[in-house]
Amino acid sequence: MLYDNHNRPLRYLRLAVTERCNLRCHYCMPEEGLPWSKKDQILTYEEMLRLVEILANLGISKVRITGGEPFVRKDLLPFMGELKQIKGIDKLNITTNGTAPLSSIETMEQIGVNSVNLSLDSIDAERFAKITRRDEFEKVWNYYKLLEQSTLNTKINAVVMENHNLGDILPMSALTVNDDVSIRFIEEMPFNGGSKGYTPIEWNFRRIIDHIKTQYPDLEKLDDAKSSTSYNYQIPGAKGSIGVIPAYSRTICGTCDRIRLTPKGELMTCLYQNKGFSFRDFMRDGATDKDIKEKFLKLFGQRAKDGFESEKRKEETGSFQSMATIGG
Ligand code: SAM
């Protein structure tokens, strides 16, 4: 088992394969997109496979593919098939906006993908278009419906934003009554790549749950897995469940077991940190597998205690990026 300097086990890698996205969610990036990196600044699949193999040897057993929108990168599915073959990787998951062809669902089933997180901030087509700045609701909804019938474990992520989708909290909670889906409401974070200003949120996880209880007063608290990032609940008798993710309140850092590799190959051991060490440059400068392993271990030994400590370090050095460049 791999541990950090605060005695937290590290098991989970979030691997961002691209910064690019075909949607423009205003809480994530500006309308015109981000200053995209050139192709040779992004890790190749071969480089990613090398890093994941080393991490799997160290004890990482779960990988989530994210981005940007992972499906905008060419040959994603064959790459995922290769990842699934790496010894020690027991779970392979993906986070997507659900605009990929429906056939990707069957291919993911064949590869043995375990779980899909679908980002869906509204089930109202008009609100969806306003938030994402794209008219893709129908496509995403069809993706959800097919996912729900598939063997893939499905979760929906919805960022809660005042003046945008508060009206979705109850209808989306109601979806869990008949659908075997976990809907997770996420607190909005400041990582919007300069898309807009950011003021500390009014709707934190406690307020979201209180709001759901106005409609479902018997909402039951479920047991949370030890390293879960969400606090989980269920409407009595429902097939699915409801979670809240305190992404801004950061009450869950004490059990955080995840690390991130950005599309450019920087290691982030905390979401709120500023810049990470570049494994891309390290590898391209000729680092051996042993060098890489030692570097990972050194950085895991310097992990911030929580997102507040990281944020303090960040304030000294730089500004907030987008979740697409960090890896959502
Ligand atoms: N394109 C994929 C998708 O839409 O799921 C994966 C990348 S996206 C950056 C991953 C997740 O980050 C999404 O669920 C998105 O809602 C979330 N996210 C992005 N910016 C955020 C922010 N400022 N606050 C909270 N969540 C955010």
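The values are calculated or read from the model by the stated rules, or taken from the named source; none is laboratory data. Predicted, not measured: the structure shown is a model, and the values here were computed from it. Note: ideal-geometry Cβ built from the backbone for every residue, glycine included; neighbour counts use all protein chains shown. Areas reflect the complete protein model, heavy atoms only, side chains present, ligands, DNA and RNA absent. Shrake-Rupley method; radii C 1.70, N 1.55, O 1.52, S 1.80 Å.
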The chain: most fluctuating residue of Pro30, Pro246, Pro101 per GNM, C-alpha cutoff 10 Å: Pro101
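Given the convex hull over the Cα atoms of the range 218-257, what projected area results after averaging over all orientations, in nm²? Before the final figure, lay out each step's value.
Values: hull surface 12.5 nm².
Across all orientations, the range 218-257 yields a mean hull projection of 3.1 nm².
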Gain in span if fully extended, Leu166 to Glu309, counting 0.36 nm per residue against the direct Cα distance: 48.4 nm
Rough spin-label spacing in nm, given labels placed 7 Å along Cα→Cβ, for Arg206 and Lys295: 4.3 nm
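Would you calculate the volume per residue, in Å³, of the smallest convex hull containing every Cα atom of the range 1-137? Don't skip to the end; give the middle numbers.
Working: hull volume 18.6 nm³, N = 137.
Roughly 136 Å³ of hull volume per residue.
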Contour excess over end-to-end distance, with Cα ends at Gln149 and Thr199 and 0.36 nm allotted per residue: 14.1 nm
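With a probe of 1.4 Å, find how much accessible area the range 155-296 has per residue, and write the answer as a whole number in Å². Kindly include the intermediate steps, with their values, before the conclusion.
Values: 6110 Å² over 142 residues.
In whole numbers, the range 155-296 has 43 Å² accessible per residue.
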Förster-model FRET efficiency, 22 Å R0, Ser278 and Glu31, C-beta, rounded to 0.05: 0.15
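Considering only protein heavy atoms and a 1.4 Å probe, what is the carbon-and-sulfur percentage of the accessible area of the chain?
Numbers: 7000 of 14720 Å².
With neighbouring chains kept in place, the figure for the chain is 48 percent.
Under the rule a/c < 1.5 gives rounded, and otherwise a/b versus b/c splits prolate from oblate, where does the range 123-214 land using the Cα gyration tensor? Intermediate values should be presented prior to the final figure.
Numbers: a/c = 1.92, a/b = 1.29, b/c = 1.49.
Cα axes put the range 123-214 in the oblate bin.
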Span per principal axis, largest first, for the Cα atoms of the chain (Å): 58, 43, 40
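With viscosity set to 0.890 mPa s and temperature to 25 °C, compute the Stokes-Einstein D of the range 177-266, Rh being the Kirkwood radius across alpha carbon pairs; µm²/s, no decimals. Provide the component values of the computation, followed by the final result.
On the way: Rh = 14.9 Å.
Estimated diffusion coefficient is 165 µm²/s.
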Approximate spin-label separation Glu220-Ser103, in nm, with each point projected 7 Å along Cα-to-Cβ: 4.3 nm
Full-stretch length increase - Gln110, Lys74 - with 0.36 nm per residue and alpha-carbon distance subtracted: 11.1 nm
The range 153-194 residues near the modelled Lys91 label - backbone nitrogen below 17 Å, point 7 Å along Cα→Cβ: 153-157, 181-184
Arg127-Arg50 pseudo-label distance in nm [points 7 Å out on the Cα-to-Cβ vector]: 4.7 nm
Whole-number accessible area per residue in Å² for the range 68-128, which is evaluated in the context of all protein chains at 1.4 Å: 42 Å²
